[in-house]
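All remarks here apply to the structure that follows.
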Amino acid sequence: MASKMGDQVLLVVAEEGDEFVAGALNFIGGDTLFGRLWGCHQRTYYPSLHFEACYYQAIEAAIELNLKTVEAGAQGEHKIQRGYLPVTTYSCHYLTNEHFRMAIKDFLEREAAQVKLVMKLLHESGPLKEVKNIAPSTKVHS
């Protein structure tokens, strides 16, 4: 991967002594750092290591590389307290079984309204608040 993607890969590793104990694999595309894979050694618990490797180091790298966005990936309410509010993601699949395809289509149509509502509520109650009336088309988050 490194030989083909070079500067588009950011690997964060954690070591204990001479042993690798955890890692977070990120990819860089355009102005965004995409966090995609995390793993750690199962024999020992490392408090906060997941957040350090996956989020804090990603944010620090994005700042150093002058990237606009850190995309932490889909799912995970634990991300909200770190300032990662949910965004809509898309997926494309083709199912050959027509009955299965129709059942999934029906479910997704019903689920979409619920997901939209939950995202709205999470944004309204999230840790970042938009400050209004500062200047036209200016948004400040705190």
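The values are calculated or read from the model by the stated rules, or taken from the named source; none is laboratory data. Please read all numbers here as calculations on a predicted model, not as lab measurements. Quick reminder, even Gly has a Cβ in these numbers, built from the backbone with ideal geometry, and neighbours come from all protein chains shown.
Quickly run through segment 4-62 and pick out the residues that are within 18 Å of the chain's Cα centre (by Cα) and charged (D, E, K, R).
D31, R36, E52, E60
It is to be established whether one or more residues within segment 54-67 are exposed (fewer than 10 other Cβ atoms within 10 Å of the Cβ) and part of a loop (DSSP other than H, G, I, E, B).
Yes, segment 54-67 contains a residue that is exposed (fewer than 10 other Cβ atoms within 10 Å of the Cβ) and part of a loop (DSSP other than H, G, I, E, B).
Select from segment 35-53 the residues that are in a strand (DSSP E or B), among the hydrophobic types (A, V, I, L, M, F, W, C) and farther than 14 Å from K79 by Cβ and write down the one among them that is modelled with the highest pLDDT.
C40
In segment 54-89, how many are of a type in the set (K, R) and at pLDDT 90 or above?
Qualifying residue count for the region: 1.
I'm trying to understand the selection: among the residues of segment 74-101, which are farther than 20 Å from A112 by Cβ and in a loop (DSSP other than H, G, I, E, B)?
Those that are farther than 20 Å from A112 by Cβ and in a loop (DSSP other than H, G, I, E, B): G83, Y84, T96, N97.
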